[in-house]
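So the structure is just underneath, and the comments pick up after that.
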Amino acid sequence: MADTHTDTIEALILALPESAGSAIYGLVDVFASTGTLWLELVGDEPSGRLIRPRIISLSRDPFRCGNAIPVTPDLSIAEAPRADIIVIPELWLAPDDHLKDRYPEVKEWLRRCHRGGSTIYSACSGAVLLAASGLLNGKAATSHWGYADLFRIGFPEVRFIPEPNILFADESGRIVTAGGATAWHDLAIHIISRHCSPGEALHIAKVYLLQWHGDGQLPFASLVRRQAHADSVVRRAEDWLRTHYREPQAVAGVVAGCGIPERSLKRRFAAATGSTVIGYVQNLRVEEAKRLLESGEMSVDDIVAAVGYENPAFFRKLFKRCTGLTTGNYRRMFRPIYDAARVR
């Protein structure tokens with residue numbers, strides 16, 4: 001993850017006169033804090049900035065974007081370096097403004113960046129510019145629901161899906177769109193999680209009080225939390241299960257280890273933790289599966305066996321219920337992007 005990837009990630013944030021200033025500067029602020037701000041707040045030594053954000057536009061000339069917010073670009077697209085990340089923030093567009101007749105040089109730059117290996121992200125109506133560039137042809141995209149008719153009429157070759165918070169355009173994972181007016185929050189958390197680590201994304205979310213919207217928070221949520229309680233037997237059961245959850249008969253084993261009747265343990269466990277014993281075992285197994293999906297190329301069937309299951313179909317259903325994602329989509333979302341590039 002991030003601690004094994006020492007190079008600073010280059011992120012270019014596109015700014016145009018139609019851009020939302022809050023999204024531009026929000027992304028700059030959040031990205032610039034990765035690897036430093038959380039550690040400073042908790043009293044640890046910062047490890048160094050993980051992402052270097054820079055604002056890019058048609059030229060370096062200052063201008064005013066949406067709501068007359070001043071923007072001073074760091075770079076022009078003519079001098080742009082190769083970047084790991086390109087972000088198109090929200091644009092102030094009318095529901096029928098398809099951008100087909102504007103910004104040809106920006107569209108060509110986006111296509112060139114994609115050919116060069118950059119991963120391109122859009123927030124909310126930023127997907128309209130991506131569609132106008134042709135990069136979404138034959139692919140899936142999301143945006144604010146208010147642009148559904150624009151996509152249907154203006155971009156029939158794009159498969160518009162309004163429901164998701166984050167949507168991969170195709171299997172390559174190198175074009176990602178985010179929907180909703182505060183989509184840049186979700187997108188920032190996703191980008192940091194994917195290019196740095198899920199842990200750093202959670203730190204940034206806590207520092208800035210960023211809220212992952214809707215059911216999309218499930219992939220980021222920890223399924224196993226220490227609950228404060230005074231039941232020493234249940235605490236002993238939790239400790240035992242954290243070590244032995246992979247065993248086929250984990251529930252029988254923890255009952256034997258605690259030395260009280262199974263019914264009593266299950267009742268006390270639920271009262272103290274809010275979880276059933278079997279539910280706790282399942283959560284531990286899913287958390288371990290998440291870690292394995294994030295960190296390597298082990299097959300899903302091998303992961304299923306490694307965490308203590310014999311039936312891959314059952315586990316896939318359990319994983320989807322707990323995380324909101326299939327195992328394949330979870331791996332695409334959380335595997336470090338530099339690992340993904342290396343295996344292509």
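Rule-based calculations on the coordinates, nothing more; no lab input. From a predicted model like this one, the values you see are computed outputs, not experimental measurements. Positions of Cβ are generated from backbone atoms using ideal geometry, with glycine treated the same way; all protein chains shown enter the neighbour counts.
Give me the net charge of Asp170's neighbourhood, meaning all other residues with Cβ under 11 Å from the Cβ of Asp170; Lys, Arg count +1, Asp, Glu -1.
+3
Under the Karplus relation 6.51 cos²θ - 1.76 cosθ + 1.60, θ = phi - 60°, what is the ordered set of whole-Hz ³J(HN,Hα) values for the stretch 148-159, x standing for Gly and Pro?
With coefficients 6.51, -1.76 and 1.60, one gets 4, 5, 4, 5, 5, 8, x, 9, x, 7, 9, 8 Hz.
For the Cα atoms of the chain, what angle does the longest principal axis make with the long axis of helix 21-32, in degrees from 0 to 90, nearest 10?
50 degrees
Placing +1 on the Cβ of each Lys and Arg and -1 on the Cβ of each Asp and Glu in the stretch 2-214, which of Gly35, Ala15, Ser133 has its Cα farthest towards the positive end of the resulting dipole?
Ser133
If I stretch the segment between Asp170 and Lys266 completely, what's the gain in nm (0.36 nm per residue apart, minus their alpha carbon distance), one decimal?
Using 0.36 nm per residue and subtracting the Cα-Cα distance, I get 30.1 nm.
Would you mind getting me the FRET efficiency between Asp29 and Asn137? Use the beta-carbon distance for r and R0 = 45 Å, nearest 0.05.
0.85
Going down the list Lys206/Lys320; Lys206/Lys290; Lys100/Lys139; Lys139/Lys317, which pairs span over 23 Å between their C-alpha atoms?
Lys206/Lys320; Lys139/Lys317
So if R0 is 22 Å, what FRET efficiency would Arg291 and Val42 give, r being the distance between their Cβ atoms, rounded to the nearest 0.05?
FRET efficiency, Arg291 to Val42: 0.45.
Once phi is turned into ³J(HN,Hα) by the Karplus curve 6.51 cos²θ - 1.76 cosθ + 1.60 with θ = phi - 60°, what whole-Hz value does each residue of the stretch 94-108 show in order, with x for glycine and proline?
With coefficients 6.51, -1.76 and 1.60, one gets 5, x, 10, 8, 8, 6, 5, 9, 10, 6, x, 5, 5, 5, 5 Hz.
Go through the stretch 260-276 residue by residue and turn each phi into a ³J(HN,Hα) via Karplus (6.51, -1.76, 1.60, θ = phi - 60°); whole Hz please, and just put x for glycine and proline.
Karplus-based 3J(HN,Hα) across the stretch 260-276 equals 10, x, 4, 4, 5, 5, 4, 5, 5, 5, 5, 5, 7, 10, x, 10, 6 Hz.
Starting from the Cα-Cα distance between Tyr208 and Glu247, subtract it from 0.36 nm times their residue separation and give me the gain in nm to one decimal.
Taking Tyr208 through Glu247 to full extension adds about 10.1 nm, to one decimal.
How would you classify the stretch 154-204 from its alpha-carbon gyration tensor, with a ≥ b ≥ c the square roots of the eigenvalues: rounded for a/c under 1.5, else prolate if a/b is greater than b/c, otherwise oblate?
Judged from the Cα gyration tensor, the stretch 154-204 comes out oblate (a/c at least 1.5, b/c at or above a/b).
State the label only: which of [x] 69, 62, 41; [y] 74, 46, 36; [z] 60, 42, 41 corresponds to Cα extents along the principal axes in Å computed from the shown model?
It is the value labelled [y].
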